[in-house]
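Structure first, commentary second.
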Amino acid sequence: MAFTLTEKILRKHIVKEACTLTEILNDKPIKRGDDIAISIDQTLTQDATGTMAYLQFETIGIPRVKTEVSVSYIDHNTLQTDFRNMDDHRYLQSIAAKYGIWFSRPGNGICHQVHLERFGVPGKTLLGSDSHTPTGGGIGMIAIGAGGLDVAVAMGGGAFHLAMPRVIGVKLSGKLNKGVSAKDIILEVLRRETVKGGVGSVYEYFGDGVKNLSVPQRATITNMGAELGATCSIFPSDETTKAFLEAIGRGESWSEQKADDNCNYDKVIEIDLNKLTSLAACPHSPDAVKDIPSLAGIKVNQVVIGSCTNSSLDDLTSVASIVKGKHISPDVEAGIAPGSRATLLMAEKSGVLGELIRAGFRILESACGPCIGMGFAPNSEGISLRTFNRNFKGRSGTANAFVYLVSPETAAAAAITGVITDPATLNYEKPVSEGISMLSGTSISLTAKDIKKFAKDDGMLIAPLPKDEAEKIEIIRGPNIKPCPASPAFSTSLKLPVLLKTQDNVSTDDIMPAGAKVLPLRSNIPEISKFTFERLDANFYERAMENAKAQENNIPSKKGCIIIGGENYGQGSSREHAALAPMYLGVRSVIVKSFARIHKANLINYGIIPITFSNADDYDKISQGDILEITNIEEALDTGCSFKILCNGVEIEGENSLDERSCKILKDGGLAIYTRNGGQ
């Protein structure tokens, strides 16, 4: 039997005792949609989600992580405008020392790029509390984003459960032309598939064109696969992967990983790289994609190059090749954030950093920064070209800005011309990439010795302590760090008001914003809950508290309400706070046309019942303020039958798409209690 690479890696990691998949033993394909449980080799967390994940891990009561590698990264909350961010960092560092976790200090870089460079291993599984964890697929890993509670369970040795995804093959042929990059490949996939087209799927890249892409280029594509709603994306581990790992001194980690000949994909997309042009995702969605030539001439106010999508040495070298000997337009403010300390060191040694500084770029910290609204916000109604992965309205920190997602080459072209410009029309020398970038024929170069030296520099990475030393560590807790609120007790029926009705494509940014004002509160649910749904309804928190007071004396665990949503509800970030804060404010069920994968899982983890309309037209029958009664919750969870929802005397059917394990989690009152009760 011939299998895709995705199937091969998943099959090797199936926890047989956790499921009844006889197909594994009989060498047959796993049925799409079946619940599977896989073992997790590696985990990563970042500080915006990590504090809550580790608070939850502490409650599990395991003295040391059971994964091969677990890493705690500080890359989101680095602004440190007061004590709260650094208090979180000190807590996370002490947790890492206590439980056998690597600790990446502030300034060491963005989790996904550092992990790819320092820890990624082809053929392994990686679970991360960040939606862009699939970046690891660029090196041949099954790397999946999840909520912090799922990651905490995995660190404790628990399996990760998911529905067996469809495997969509993306066949690449040819070679990218000058001015066209890996970013344009994933934008083309988004143009065809949309932000909800990948739900329940893995995108697996194959074909002759793959060999023409470096590992950093592949990682750009797998990173932004998250915007498709995909479970993850993956490239084969081949000679290019081997060269990359050898170049950074980790050749021993390489193994060949590829699909079987004649394997069957559920769907195949074909992209001829020779015909691909430079593209941009227009405001305010990653799938609002247009050709750069059709946008040429639009005046630009700001350019930012960085984020976990496009901040590798490959990317910085491409920018340097375009701006070399030039200066950014006087009408443009430009910033650049290297993705890791190693990249920054190599950029400095090679001369790339000097070219960028001479051109007029502001050099930002090696962190997420502007991507999550932590500084470098655009001007009011400004047009900002960013090499990032999301351009949801307001995410940049400026509510009325217009953000375009573009390649580093397109961003560099706009920086020096002041308008959106097709980089193919500029006179510059295209870099020659050999896994790690080098500019051929110019003064910018980097020796193999330099690459190994800087790539293996662990000056800002703290290794786990030996077990006997770790046992002596005391956890440091600042005053902003509060316990995770308990999930509500299970109810056999609900009769609650609809406190909010939303439209399609509501993102987790809409539910729980990021940014400098909100991110420092990630370890304090009572405080951060005040910002819940702020972008959609500025009065939601007050209405939720009034609803609670009317129901039972303003006790959060006793109040209740329901949210109604459209298609692709909860797209975007994996932040479990978009489930935690609503749960704290009394949300007991969310009823929508369709869910984004991670957010649906997070709702279940915190005891919120996710229901989809059996008939999407029923969405129009419900208004904000209506009282809904869900009458048969226990029966639905026990038997798998549809949910019965009464609204204004009319019965509406709610589709029950929950697997058996999810039903048990909901009946226990959330994943934490389910796990403590011995659930697998």
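The values are calculated or read from the model by the stated rules, or taken from the named source; none is laboratory data. Since this is a predicted model, take the numbers as computed values, not measurements. Note that each Cβ is placed from the backbone with ideal geometry, even for glycine, and that neighbours are counted across all protein chains shown.
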Next on the checklist: I need every pair where a residue in region 359-376 that is in contact (Cβ under 8 Å) with a residue 60 or more places away in the chain has its Cβ under 7 Å from the Cβ of a residue that is of a type in the set (D, E, K, R), sequence separation at least 6 or different chains.
Outcome noted: 366/341; 367/75; 368/75; 373/395
Checklist outcome for this item: Note on region 518-547: residues over 21 Å from the mean Cα position of the chain (by Cα), more than 14 Å from residue 485 (Cβ to Cβ) and part of a loop (DSSP other than H, G, I, E, B) are 534, 536, 537, 538, 539
Next on the checklist: Looking only at region 388-400, count every residue that is without any contact (Cβ under 8 Å) to a residue 60 or more places away in the chain and either surrounded by 23 or more Cβ atoms within 10 Å (Cβ to Cβ) or closer than 17 Å to residue 223 by Cβ (or both) and tell me the total.
Outcome noted: 1
Checklist entry - Restricting attention to region 651-680, and to residues there that are within 16 Å of residue 583 (Cβ to Cβ), touching a Phe, Trp or Tyr at 6+ places or on another chain (Cβ under 8 Å) and among the small types (Gly, Ala, Ser), which single residue is surrounded by the most Cβ atoms within 10 Å (Cβ to Cβ)? => result 670
Checklist entry - Only one of these conditions is not met by residue 472: (1) closer than 28 Å to residue 370 by Cα; (2) of a type in the set (Lys, Arg); (3) free of Cβ contacts under 8 Å to residues at least 24 places away in the same chain. Which number is it? => result (1)
Checklist entry - Is region 584-602 home to any residue that is surrounded by fewer than 21 Cβ atoms within 10 Å (Cβ to Cβ), assigned to a strand (DSSP E or B) and in contact (Cβ under 8 Å) with a residue 40 or more places away in the chain? => result yes
Next on the checklist: If I filter region 143-163 for residues that are modelled with pLDDT under 95 and touching a Gly at 6+ places or on another chain (Cβ under 6 Å), do I get at least one hit?
Outcome noted: yes
Next on the checklist: Criterion first (of a type outside the set (Gly, Ala, Ser) and either part of a strand (DSSP E or B) or surrounded by fewer than 21 Cβ atoms within 10 Å (Cβ to Cβ) (or both)) does residue 611 satisfy it?
Outcome noted: yes
Checklist entry - Which strands (runs of 3 or more DSSP E) does region 208-309 wholly contain that include 1 or more residues that are farther than 22 Å from residue 176 by Cβ and not assigned by TED's automatic domain parsing to the domain that holds residue 328? => result 232-234, 267-272
Next on the checklist: Residues that are of a type in the set (D, E, K, R) and out of contact with any helix residue (DSSP H, G or I) (no Cβ under 9 Å at 6 or more places or on another chain), at least 1 per element: which strands (runs of 3 or more DSSP E) completely within region 102-204 meet that?
Outcome noted: 166-173
Checklist outcome for this item: Within region 352-370, residues being surrounded by fewer than 18 Cβ atoms within 10 Å (Cβ to Cβ) and either part of a loop (DSSP other than H, G, I, E, B) or in the same structural domain as residue 109 (by TED's automatic domain parsing) (or both) number 1
Checklist outcome for this item: Of the listed residues (56, 42, 46, 113), the one being more than 25 Å from residue 307 (Cα to Cα), surrounded by 20 or more Cβ atoms within 10 Å (Cβ to Cβ), among the polar types (S, T, N, Q) and outside the structural domain of residue 572 (by TED's automatic domain parsing) is 56
Checklist entry - Can you find a residue in region 618-637 that is within 19 Å of residue 571 (Cβ to Cβ), among the hydroxyl-bearing types (Ser, Thr, Tyr) and surrounded by 14 or more Cβ atoms within 10 Å (Cβ to Cβ)? => result yes
Checklist entry - Is it true that some residue in region 84-104 is modelled with pLDDT of 95 or more, buried (at least 24 other Cβ atoms within 10 Å of the Cβ) and in contact with a Leu (Cβ under 6 Å, 6 or more places away or on another chain)? => result yes
Next on the checklist: On the basis of being at pLDDT below 95, closer than 24 Å to residue 225 by Cβ and among the acidic types (Asp, Glu), does residue 23 make the cut?
Outcome noted: no
Checklist entry - When the residues of region 271-293 are filtered to those that are surrounded by 17 or more Cβ atoms within 10 Å (Cβ to Cβ) and of a type in the set (S, T, N, Q), which remaining residue is farthest from the chain's Cα centre (by Cα)? => result 278
Next on the checklist: If the requirement is being touching an Asp or Glu at 6+ places or on another chain (Cβ under 6 Å), assigned to a loop (DSSP other than H, G, I, E, B) and under 30 Å from residue 534 (Cα atoms), which of these qualifies: 395, 390?
Outcome noted: 395
Next on the checklist: Go through region 208-227 and report how many residues are farther than 20 Å from residue 120 by Cα and in contact (Cβ under 8 Å) with a residue 40 or more places away in the chain.
Outcome noted: 3
